[in-house]
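Asks: One structure coming up, written as structure tokens, with questions to follow.
The values are calculated or read from the model by the stated rules, or taken from the named source; none is laboratory data. Note that the structure is predicted; figures quoted are calculated from it, not measured. Neighbour counts run over all protein chains shown; Cβ positions are idealised from the backbone, glycine included.
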Amino acid sequence: MRCPGSLPTRSFLRHGAAALGLALGAASLWAAGTISPENTPDPLVPGFQFPEGAATLSGWITDMIRGEPLPAAVSAAERLHAHGWGLWTALTLETGQVYEGQRLRVFETWLTPEDLTTASGLRSVADANEIPRRRAPLRSFAQLNAAGAGSFSAEAVTPRVVGFVKFDPVAADHILRQDLLSRATLDTLLRRGAPQIPAFPAAALVVKPVFQVIKRSDLIGGRYSALQVWPGPPETPRALPPAQWPDVVWLDLLDGGSGGGAVDSLGATDGSTRTDETTYPVSRLIHYRLSAADAAVLDSDKPGTGAQPGDLAVLVAMHVTTREIARWTWQTFWWTPEPETPLAPSSSAIASLRPQQLRGAARNYAMALAYTMQVPDQPQVRGNNSGAAVYAYNPWIEARFAPADLPDSIPGLDPLGRPAANNHGVQSNCLSCHAQANYNPDHLDTAPRFTGARYVDLADPKFNGTLQVEFLWTIARHAR
Ligand code: HEC
């Protein structure tokens with residue numbers, strides 16, 4: 001258990017539940033609390049398949065960044081972005097599973113690091129169908145990041161932005177069978193001289209969803225709540241946490257509002273500046289109602305939240321990665337009031353590639369992706385930092401990072417080829433920072449740390465004495 005004296009944790013609930021289940025028989029009340037991890041479904045998007053062949057994806061990447069001949073480059077870029085949208089369509093589909101009266105989407109059925117640690121008792125993903133499991137508790141990011149070496153100093157300041165990491169059944173099964181969230185395993189691999197953990201299968205998929213909690217007690221007029229909206233990248237790079245975004249939109253829990261891209265730049269906290277045009281039905285966002293247990297766990301994790309049953313968790317952002325290629329594919333999504341014309345780091349061109357099959361709330365999200373660190377791309381080892389950087393970040397997650405949060409940044413070029421420090425979150429690249437991921441039990445101060453956009457040499461001597469964790473920081477930071 002995480003925290004003695006707090007409310008029942010999930011592991012207590014699980015073991016307590018298992019005992020109860022035995023005592024009460026199969027038809028016990030816990031049957032309703034079992035969530036089965038769903039395989040990533042085929043969303044029937046023409047041209048999309050998962051996993052896509054590594055050679056096919058690599059071919060698109062090469063064509064896209066070569067830049068010439070132009071038609072080939074454009075169509076390759078379109079195919080890569082269409083691939084990102086296909087993943088999003090698949091993992092946000094609703095499943096047949098209903099939990100506490102609410103239908104679960106595919107990613108909601110997946111397993112968290114806590115579900116996969118040795119202590120959980122799971123040995124393979126099949127076991128997860130047998131063991132009662134609650135909805136994953138929302139965790140504060142300060143807490144998520146406190147788990148390992150290096151932390152994001154700015155993360156504690158944004159209230160009510162909470163989330164978790166989830167592994168699809170393929171990734172989860174690999175972690176369980178190889179026991180990768182165990183320090184004993186990682187230590188053994190490191191001591192025996194393994195450079196990295198065993199590679200994940202191509203269909204492995206990992207997500208990091210981020211929610212904002214809307215408290216019913218804070219609603220204006222019993223129905224409206226303000227939500228910050230990303231204003232686009234600052235002209236001069238700087239840390240831009242959500243608390244400093246000037247504009248809001250109003251979400252209506254009774255599903256009114258005619259919002260079609262308009263934002264409220266005054267955002268009076270009493271709601272007096274709200275108009276019908278700056279009001280959006282909450283059904284435009286992926287969301288769920290907190291149960292009593294969800295609220296209790298959140299409150300014990302983040303005292304002072306004051307979460308109550310019936311409060312809403314709305315999905316504001318999600319990171320997605322897949323092992324289809326050796327350096328993984330990286331794409332990120334965030335809610336936008338203008339899904340046809342989202343701001344950078346997304347674009348109208350990217351939005352125009354959303355497939356028809358992407359419907360409902362999930363269609364109102366913007367996407368950015370990073371399948372390379374630079375243009376032109378560099379070899380995986382012994383390349384250099386000479387190319388123009390690719391920036392891809394999530395406004396809700398990385399925009400807040402200042403240079404102190406990204407200590408291994410090195411200066412290079414911005415995406416337009418101009419000299420840039422590339423040391424802010426708005427100048428970051430998923431792949432650059434995740435390429436640095438390593439397990440460092442000896443606390444070597446040479447070990448790679450967080451970075452902004454740059455080339456990372458996967459054979460850099462700085463990895464010596466550490467274990468590379470297949471680009472997944474969670475393995476290094478959540479192993480127990
Ligand atoms: C500055 C470093 C950094 C950048 C940039 C970054 N991440 Fe991460 N990411 C992390 C850390 C650290 C974690 C570990 C989980 C946690 O503590 O929140 C993580 C977790 C994740 C996870 C869960 C699996 C894992 O690796 O542990 C996914 C998926 C993910 N990030 C995707 C992305 C995507 C997509 C982007 C780009 C849009 C991105 N990340 C940018 C540091 C970074």
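Asks: Checking the condition away from the ligand (no atom under 16 Å from the Cβ), of a type in the set (A, V, I, L, M, F, W, C) and under 16 Å from the mean Cα position of the chain (by Cα), which residue from Ala388, Ala362, Ala366, Ala392 passes? Even if it seems obvious, please write down each step before you answer.
Replies: Working: Ala388 fails: under 16 Å from the mean Cα position of the chain (by Cα); Ala366 fails: away from the ligand (no atom under 16 Å from the Cβ); Ala392 fails: away from the ligand (no atom under 16 Å from the Cβ).
Selected residue: Ala362, the only one of Ala388, Ala362, Ala366, Ala392 that is away from the ligand (no atom under 16 Å from the Cβ), of a type in the set (A, V, I, L, M, F, W, C) and under 16 Å from the mean Cα position of the chain (by Cα).
Asks: Sort through Arg382, Arg400 and tell me the only one that's more than 10 Å from the ligand (Cβ to nearest atom), over 30 Å from Leu44 (Cα atoms), of a type outside the set (A, V, I, L, M, F, W, C) and touching a helix residue (DSSP H, G or I) at 6+ places or on another chain (Cβ under 6 Å).
Replies: Going through Arg382, Arg400 in turn, just one is more than 10 Å from the ligand (Cβ to nearest atom), over 30 Å from Leu44 (Cα atoms), of a type outside the set (A, V, I, L, M, F, W, C) and touching a helix residue (DSSP H, G or I) at 6+ places or on another chain (Cβ under 6 Å): Arg400.
Asks: Pull up the range 429-478, narrow it to residues that are assigned to a helix (DSSP H, G or I), of a type in the set (Gly, Ala, Ser) and within 23 Å of Gly193 (Cβ to Cβ), then point me to the one that is nearest to the ligand (Cβ to nearest atom).
Replies: Among residues in the range 429-478 that are assigned to a helix (DSSP H, G or I), of a type in the set (Gly, Ala, Ser) and within 23 Å of Gly193 (Cβ to Cβ), the one nearest to the ligand (Cβ to nearest atom) is Ala476.
Asks: I've got another one for you. Within the range 424-441, is even one residue in the same structural domain as Ala326 (by TED's automatic domain parsing), more than 23 Å from Ala392 (Cα to Cα) and not hydroxyl-bearing (Ser, Thr, Tyr)? Write out each step before concluding.
Replies: Looking only at the range 424-441, we keep the residues that are in the same structural domain as Ala326 (by TED's automatic domain parsing), and these are 424-441.
Filter once more, keeping what is more than 23 Å from Ala392 (Cα to Cα): 439-441.
Now restrict to residues that are not hydroxyl-bearing (Ser, Thr, Tyr): 440-441.
Yes, the range 424-441 has at least one match.
Asks: Turning to a different aspect of this structure: In the range 193-208, which residue that is of a type outside the set (Gly, Ala, Ser), surrounded by 22 or more Cβ atoms within 10 Å (Cβ to Cβ) and touching a His at 6+ places or on another chain (Cβ under 8 Å) is farthest from Ala307 (Cα to Cα)?
Replies: That would be Phe200.
Asks: Of the residues Asp255, Asp247, only one is over 27 Å from Arg105 (Cβ atoms) and either at pLDDT 95 or above or within 19 Å of the chain's Cα centre (by Cα) (or both); which?
Replies: Asp247
Asks: Is it the case, given these coordinates, that Trp334 is assigned to a strand (DSSP E or B), within 15 Å of the ligand (Cβ to nearest atom) and touching a Ser or Thr at 6+ places or on another chain (Cβ under 9 Å)? Quick ask: steps written out before the conclusion?
Replies: Values: assigned to a strand (DSSP E or B): yes; within 15 Å of the ligand (Cβ to nearest atom): yes; touching a Ser or Thr at 6+ places or on another chain (Cβ under 9 Å): yes.
Answer is yes for this residue.
Asks: How many of the residues making up the range 251-274 are among the charged types (D, E, K, R) and either within 21 Å of Leu315 (Cα to Cα) or not assigned by TED's automatic domain parsing to the domain that holds Ala361 (or both)?
Replies: 3
Asks: Considering only residues of the range 100-125 that are at pLDDT 90 or above and hydrophobic (A, V, I, L, M, F, W, C), which is farthest from Val162 (Cα to Cα)?
Replies: Val125
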